[in-house]
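Reading through the structure tokens given below for one structure.
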Amino acid sequence: MKKRIPTLLKIFLSLLFGIMGLACTLALILWFKPQWVLTSERASKFLSPLKITLKVTKPAINEWFFDIELAPGCYTVPDRFASPIFFCVQRGHLAFTMRFHRPTLLQLTALNHVDFQITTLDIKSGPESPPTTISTPTGPPAWTRYIADRFTWGPFHLGVDEMRIADGDILLHARISNFGPTPTLDFAADAKSKGFKVSAHGKIEQRNSRIEIPEAKAVYEELNPGPDVKPMHITSELTGSYDFEHALLQLEFSARWKNPLSQLAFIAAEGGRFRMDRTGMWASSRLKVALHGKTPLGGLPLMTLNVSAELRRTESEESPPIDVKLDLASYDFAGIRAVSDLEIRILPKENRTDLELRRGDLRIEVPEFKKTVTALARTSWSIPAPFAVLQGPITFHALPFKNGENIVEIPFVLNTDLKSAEQAIQLETRATLDLSPKDLTPVGIKLAILLKKIRLRIPDYDPIAPVPALRRDPRIVRYSEKEVLIVQKKVPALPPTTFPIEVTIDGPPGSVSLLNRFLIPSIELQPKVKFAGKTGVMTGEIGLSNEVDIEYLNRRIKLESMLLTFTPSAAFSAVVSMRRGGYRITANIKQAQGKTRILLAAEPPLNEDEIISLIIYGMPRNSITAEQTRSVGNAQTAITSEAIGVFSFLAFASTPIESIIYDPATQTYSAIIRLPGGIVASIGSNWETENQVSLSKALGRNWAVSTELIKDSEGVDRGGTLLRWRKSY
Amino acid sequence: MACPLLPRRILYYTLLVGFGFAAAGCSTPQICPEQISWAPGSERVDIAKNDRLFICGDPAHPSWEKIPPRQAASFLRSFLESQAYLNPVITVDYDANKIVVDAGRRTNVTSIIAEGDVPPNWDVDPLKMYLDKPLEKTTLDLLSAKSLELLKSMGYGCSTVSLRAYPDGRVVLELHAGKLQTFPVTRDVNPPEVDTEILARYEPFHRGDPFDIRKSLLAGRRMEVDAVASSSQYLPACAEDTMVTLDRAATFGPRRSWELGFGATTEEYPLAFARWKSSRLWSSASSLRIELFGSNIRQNFTIDLKWFALKSDRRFFVHPGFEIEHKNEKQFETFQTKIDLFAGRTFDTGDWMLEPEIGTSLRRIKTYDFAVPRVDTLLTPTLILKAHTHDYELYLASPRTGSDYRLTYEFIPNYQTRSNAVHRAYLLGTALWNYRDYLEPRWVLGGRFSYGSLFTVDGSVPDPAFIPPDWLFLLGGDRDLRGFGRNTLPSETQGAGSALTFGFESRWPGLFDFPFEPLVLFDFGWLGSGNGNFDKPLYLSPGIGARSATPLGTIRGTVARGLIPTTGFTHTQFFLSFGTEF
């Protein structure tokens, strides 16, 4: 037994040493003769389907030189790791040097030669990768140091004649090259899609321990923005350097964004600077904003805003604060004055970010609205009627920020005190821009509008003249709209907005007044409305605060109550009363979902047709003619079929009606109105929408000109025209 | 100079009738010359009254006195688009505070296309009358309403229609026809003042029949014509694409009326009448009419009762009447006292309405054409059969389609004629065809005929001396041969024993923007001695004319040439008629 144990140990040790020896031998072979192992065949098999020629040499004891040539041809790389790629290569040559170096054993120390010319590169759509998060840099990355210390550049050329990305939606041409003696990279790229074109070119140089960007330019152009839309155009320039020794990054940039919005001519960032070192970051720029349009004095003035931000590291473990300055020295245009000297501190914390208004204010004022009206009168931004006669101030300013547990609020206040001889707009708006405490992204705007007094005039509208065409007929499709529709078919539905606006409108009773010659004295309303932009739902109500008489052509009705509710579907209800023939008639009108229900009642009680007779003719049914009874029936049918809307009923009640005709086939009705002087206006279809007017001559009560069938001597009915007097009883 | 907004109809009436108040005229429409002007060469459009307030301002109120150019241009663009000027060029000179407008070309409807739930038998032809009409709001409203009417006439009673239009003039109707409906149970909206069966006797449909909105319109119209109801409408009530009820909304006005009238027909002018009428007599809603009538040709006093006597059958009626009449025609003068007693019933079957009546008349006729006036007392059994299609009845006020027939048969026994018994048959017929069934006709082709003859059992010629003079047939006039004067054929002093006429007329409504419809006509006629025999000559009447619908009724004028080829006789006859339709 004692002898067998050492024997086994001997065998084990022999095997162990044998394996170690074999490994050492292989390592020595790999070290000194790598070309024996790393052959072209093995490499091509490993990198299949690529066909390469590999040469490995050893210029020094601890260096390996790899020379790889890719055979010309087209290759499809399957989607084993990323998106599938198809490319055709004209020539491909890569030579690099690796050196043994502690502690990482092997390191890339030189790109001796790079020369790739790719004629076609097609990157198919692959699975979406999760979004990468960019952390705030705290110092120079290690690789920069490595490149600065040890890396050697050789001749470099990488060219792509035609690169298709996203299934050919984007076409790219790119070239990166360096043939000079200094380590300099020239790059140029052009990309074109259906909607935009981008080009970029520039140079990157390494000078000792610095990487410099002596010049870099990029241009973005929007293509085919649509009819009457100016294309967006962005140009930007960048210079900068990075010092490896001091980990100092310095950039200078400028950019000009043309036609970002239809109202804006351009936004430009000029004199932009960015600096980052071990102590922190600092950036500043001068933003210039130009508006479209012109004034009698010429173009609109530029708005210049100096923006700067600074981040300074502290010794404590807490994240350093970021101080932002927004300095708008003065902007004065058309009586609108804007001033800002805001200093804001952003305080990143473990799970949230606080915002602090350190000092200053943002204030936009219109000391006298009339000046603004006058200045804009002959521009495309003119103040429309009936607001153009208003005078008074408008002020808008920011208030100290509030850092709540779940929200960071930036409050603003907008006050108006505008008046004219008969109109007024006095309101106080408290607006809040809500930011997420996590990353300070806007999450919503809240507007609380308190209507102190809104008093507006409605022009002297003629109720029986054609309804004015104040908006386009939505049934007529414009070609541009059609094109938009086609585009929308291709684009998936937009997700619900993540930046909702909530508007609350409130006011005391009578806070909104509408003036019109037919309304005595005026309609006084009390609004209590809330609009949630996230869902697009409006809730609340607008109620009548006073009783209003509506008088037209010597007829008077009283609007006793009126309520417009949003729950969220809109519903309208009103109670109208009138005195006719000794009776007090009330109409309870309810309109919802396009249907109008009208419930009529009288005091003392009467049948519905009797009430309609009183409303239309001012007489009970037994006092009207047969033709008038027919009109009463037609009106009743129109009311029953819910074809008469609110305005039509008010018009019926407040207008002297001659006759009403209802056509159940088309569900339209027409009314003939008796006007002063015996003229009769016939209103075709209905009052809600229609506007055809014709004229004929009234012949007075009981008298009519009509065509009748009269039996001839054979007993056959023959047509005849008669001047006829009729009295029914 | 175009004047699109001023209805040409009004201008036409102004010229036609001479109403001074309507002479608004079609001057050169200006917008607001100080601020807005028309571009050279632009069509000038009259701005509507309320639109002018928003475009030019309201001088009555400082807040609306001045409209900024951009706002005015925006309102003006909306207005022009509402008038089918879809591509106006509006140039705003802000510095000069001026707007120059080129209205551009007016867009017309170029095609009408149906999409959506289109019924298999849908035909767009009736709507093609809207082609070439301006693509304005009124046209779109009409197209929408008329499409709905068409669907409901085809039986799709719960259908809906929406539409969209394109600047190239295409109008796309989005139809939602649903399923074919049948007439459901009728429900009264108002408590009727008469038995519901009485209202049902006017209905040309029965429960379960294929739905057709025109039949419900006709039912309402019949009630109004008979004055049983002042107005009556039928409203289909649908739930989940099924018509559940047909709501009948009838209102009942006064049941009695006095009427006085003055006027004219083509044949009789002037005429006047006084009439008392009760439309809802007793619980059966029978009617009683007492009338005093006088014209240049006849004067009469009539009492006429239509008694719906049976409670179990409200369509059956007894029709007694009493009449005293003096008639003074060119060929004869009579004074007649007549008592009638008829019984009849109405039938609505399919698309036809039939109304047979049978009864007898007791007449005492005094004829003054003899030296000693002749007095005849006759008891004449009579059969009257009236038949017409529902569409003819529906469009009676403006005939365009359908047909109408009336047969009268009377008989005088031999003991009264003192010779052979005499039978008299008189058949009238009219048929109209509306090309492509346009809702507002473009071409109406009509034909009419009359056939009347006296018959005797043995085929002998009836002796005029023993039969009433108004039993003989006279031709000529607006009702049959328009190239000859009224009742001028035959030229003898008495009428003929038989007469046959055919008349054709082609009318083109909607040919002009104003209501003026040209027509051409050709009438033929023969006369004979009776027993269905007709002699030469053939009477011809080619002619032309026009028809115009005015607020005072339809006016028709014709000029026709009366020709008798065998004799070479020619005569030109002009007729102006009021209210008469072909």
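The values are calculated or read from the model by the stated rules, or taken from the named source; none is laboratory data. Note that the coordinates shown come from a computational prediction; the quantities given were computed from them, not determined experimentally. All Cβ positions, glycine included, derive from the backbone under ideal geometry; neighbour counts span all protein chains shown. Heavy atoms of the whole protein, side chains included, go into the accessibility calculation; ligands, DNA and RNA do not. Shrake-Rupley method; radii C 1.70, N 1.55, O 1.52, S 1.80 Å.
Filter the range A:577-610 for residues that are touching a strand residue (DSSP E or B) at 6+ places or on another chain (Cβ under 9 Å) and not in a strand (DSSP E or B); which is modelled with the lowest pLDDT? Quick ask: steps written out before the conclusion?
Initial filter on the range A:577-610 (touching a strand residue (DSSP E or B) at 6+ places or on another chain (Cβ under 9 Å)): A:577-580, A:583-593, A:596-604, A:606, A:608-610.
Filter once more, so that each one left must be not in a strand (DSSP E or B): A:593, A:604, A:606, A:608-610.
On the way: A:593: 74, A:604: 84, A:606: 85, A:608: 83, A:609: 82, A:610: 84.
For the range A:577-610, the residue satisfying everything is A:593.
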Can you tell me which residues in the range A:561-580 are over 41 Å from the mean Cα position of the chain (by Cα) and open to solvent by 50 Å² or more (accessible area, probe 1.4 Å)?
A:579
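Taking the condition under 25 Å from residue A:117 (Cβ atoms) and either surrounded by 13 or more Cβ atoms within 10 Å (Cβ to Cβ) or touching a strand residue (DSSP E or B) at 6+ places or on another chain (Cβ under 7 Å) (or both), does residue A:46 pass? Explain how you work it out, then say what you get.
Details: under 25 Å from residue A:117 (Cβ atoms): yes; either surrounded by 13 or more Cβ atoms within 10 Å (Cβ to Cβ) or touching a strand residue (DSSP E or B) at 6+ places or on another chain (Cβ under 7 Å) (or both): no.
No.
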What are the pairs, 6+ residues apart or on separate chains, where a residue within the range B:298-320 that is within 14 Å of chain A (Cβ to nearest Cβ) and surrounded by 15 or more Cβ atoms within 10 Å (Cβ to Cβ) has its Cβ under 9 Å from a residue that is among the hydroxyl-bearing types (Ser, Thr, Tyr) and not in a strand (DSSP E or B)?
B:298/A:713
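Taking the conditions exactly as written (without any contact (Cβ under 8 Å) to a residue 60 or more places away in the chain, over 27 Å from residue A:187 (Cβ atoms) and of a type in the set (D, E, K, R)), does residue A:286 satisfy them or not? Please lay out each step first, then the result.
Working: without any contact (Cβ under 8 Å) to a residue 60 or more places away in the chain: yes; over 27 Å from residue A:187 (Cβ atoms): yes; of a type in the set (D, E, K, R): yes.
Against the criterion (without any contact (Cβ under 8 Å) to a residue 60 or more places away in the chain, over 27 Å from residue A:187 (Cβ atoms) and of a type in the set (D, E, K, R)), residue A:286 qualifies.
Yes/no matrix, rows are residues, columns are (1) within 14 Å of chain B (Cβ to nearest Cβ); (2) open to solvent by 60 Å² or more (accessible area, probe 1.4 Å):
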position: A:318; (1), (2): no, yes
position: A:321; (1), (2): no, no
position: A:327; (1), (2): no, yes
position: A:350; (1), (2): no, yes
position: A:365; (1), (2): no, no
position: A:376; (1), (2): yes, no
position: A:383; (1), (2): yes, no
position: A:398; (1), (2): no, no
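I need the full set of residues from the range A:213-248 which are assigned to a strand (DSSP E or B), aliphatic (A, V, I, L, M), more than 19 Å from residue A:186 (Cα to Cα) and open to solvent by 40 Å² or more (accessible area, probe 1.4 Å), in order please.
Going residue by residue through the range A:213-248, those that are assigned to a strand (DSSP E or B) are A:213-222, A:233-243, A:248.
Next, from what is left, pick out any that are aliphatic (A, V, I, L, M): A:213, A:216, A:218-219, A:234, A:238, A:248.
Retained after the next criterion (residues that are more than 19 Å from residue A:186 (Cα to Cα)): A:234, A:248.
Matches in the range A:213-248: A:234 only.
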Being within 14 Å of chain A (Cβ to nearest Cβ), closer than 22 Å to residue A:376 by Cα and assigned to a loop (DSSP other than H, G, I, E, B) is the filter here, so list the residues in the range B:27-58 that pass it.
B:35, B:57, B:58
Output the number of the condition that residue B:269 fails; it satisfies all remaining conditions of (1) open to solvent by 60 Å² or more (accessible area, probe 1.4 Å); (2) part of a strand (DSSP E or B).
(2)
For the range A:249-259, give me the residue count where each residue is more than 18 Å from residue A:273 (Cα to Cα) and either among the aliphatic types (A, V, I, L, M) or open to solvent by less than 40 Å² (accessible area, probe 1.4 Å) (or both).
1
Scan (1) of a type in the set (S, T, N, Q); (2) open to solvent by 60 Å² or more (accessible area, probe 1.4 Å); (3) away from every other protein chain (no Cβ under 14 Å) for the single condition residue B:360 breaks and write down its number.
(2)
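Residues are listed down the side, and each one gets a yes or a no for (1) in a strand (DSSP E or B); (2) not acidic (Asp, Glu):
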| site | (1), (2) |
| --- | --- |
| B:115 | yes, no |
| B:121 | no, yes |
| B:132 | no, no |
| B:138 | no, yes |
| B:151 | no, yes |
| B:180 | no, yes |
| B:187 | yes, yes |
| B:192 | no, yes |
What number of residues in the range B:266-297 are away from chain A (no Cβ under 11 Å), more than 23 Å from residue B:359 (Cα to Cα), under 27 Å from the mean Cα position of the chain (by Cα) and among the small types (Gly, Ala, Ser)?
1
For residue A:613, only one of the following conditions fails: (1) within 14 Å of another protein chain (Cβ to nearest Cβ); (2) more than 23 Å from residue A:464 (Cα to Cα); (3) modelled with pLDDT of 80 or more; (4) open to solvent by less than 10 Å² (accessible area, probe 1.4 Å). What is its number?
(2)
Within the range A:126-148, identify whether any single residue is outside any helix (DSSP H, G or I), at pLDDT 65 or above, open to solvent by 60 Å² or more (accessible area, probe 1.4 Å) and not β-branched (Val, Ile, Thr), and answer yes or no.
no
Residues that are within 12 Å of chain B (Cβ to nearest Cβ) and either within 51 Å of the chain's Cα centre (by Cα) or within 13 Å of residue A:638 (Cβ to Cβ) (or both), drawn from the range A:595-608
A:608
Taking residue B:524 as the residue in question, decide whether it is within 27 Å of residue B:330 (Cα to Cα), surrounded by fewer than 18 Cβ atoms within 10 Å (Cβ to Cβ) and touching a strand residue (DSSP E or B) at 6+ places or on another chain (Cβ under 8 Å).
yes
Being at pLDDT 90 or above and out of contact with any Lys or Arg (no Cβ under 7 Å at 6 or more places or on another chain) is the filter here, so list the residues in the range A:276-285 that pass it.
A:285
Do we find a residue being open to solvent by less than 20 Å² (accessible area, probe 1.4 Å), small (Gly, Ala, Ser) and closer than 28 Å to residue A:522 by Cα anywhere in the range A:424-447?
yes
So in the range B:382-408, with the set limited to residues that are more than 17 Å from residue B:126 (Cβ to Cβ) and among the charged types (D, E, K, R), which one is farthest from the other protein chains (Cβ to nearest Cβ)?
B:393
Can you name the residue in the range B:126-151 that is touching a residue at least 60 places away in the same chain (Cβ under 8 Å) and at the interface with chain A (Cβ under 9 Å from one of its Cβ atoms) and is also surrounded by the most Cβ atoms within 10 Å (Cβ to Cβ) among such residues?
B:149
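Quick check on my filter: what residues within the range B:59-79 are of a type outside the set (D, E, K, R) and assigned to a loop (DSSP other than H, G, I, E, B)?
B:59, B:60, B:61, B:67, B:68
This table checks each residue for (1) out of contact with any Phe, Trp or Tyr (no Cβ under 9 Å at 6 or more places or on another chain); (2) facing another protein chain (nearest Cβ under 9 Å).
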site	(1), (2)
B:201	no, no
B:208	no, no
B:211	no, no
B:237	yes, no
B:261	no, yes
B:264	no, yes
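I'd like to check which strands (runs of 3 or more DSSP E) are fully inside the range B:477-582 and have at least 2 residues that are within 14 Å of chain A (Cβ to nearest Cβ) and under 26 Å from residue B:269 (Cβ atoms).
Fully inside the range B:477-582 and qualifying: B:498-507, B:533-550, B:553-564, B:569-578.
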Go through (1) closer than 22 Å to residue B:487 by Cβ; (2) buried (at least 20 other Cβ atoms within 10 Å of the Cβ) for residue B:287 and report which single condition fails.
(1)
Residue A:360 being open to solvent by less than 50 Å² (accessible area, probe 1.4 Å) and touching a strand residue (DSSP E or B) at 6+ places or on another chain (Cβ under 8 Å):
yes
If a residue has to be farther than 17 Å from residue B:404 by Cα, at pLDDT 85 or above, open to solvent by 10 Å² or more (accessible area, probe 1.4 Å) and of a type in the set (A, V, I, L, M, F, W, C) to count, how many in the range B:426-472 make the cut?
3
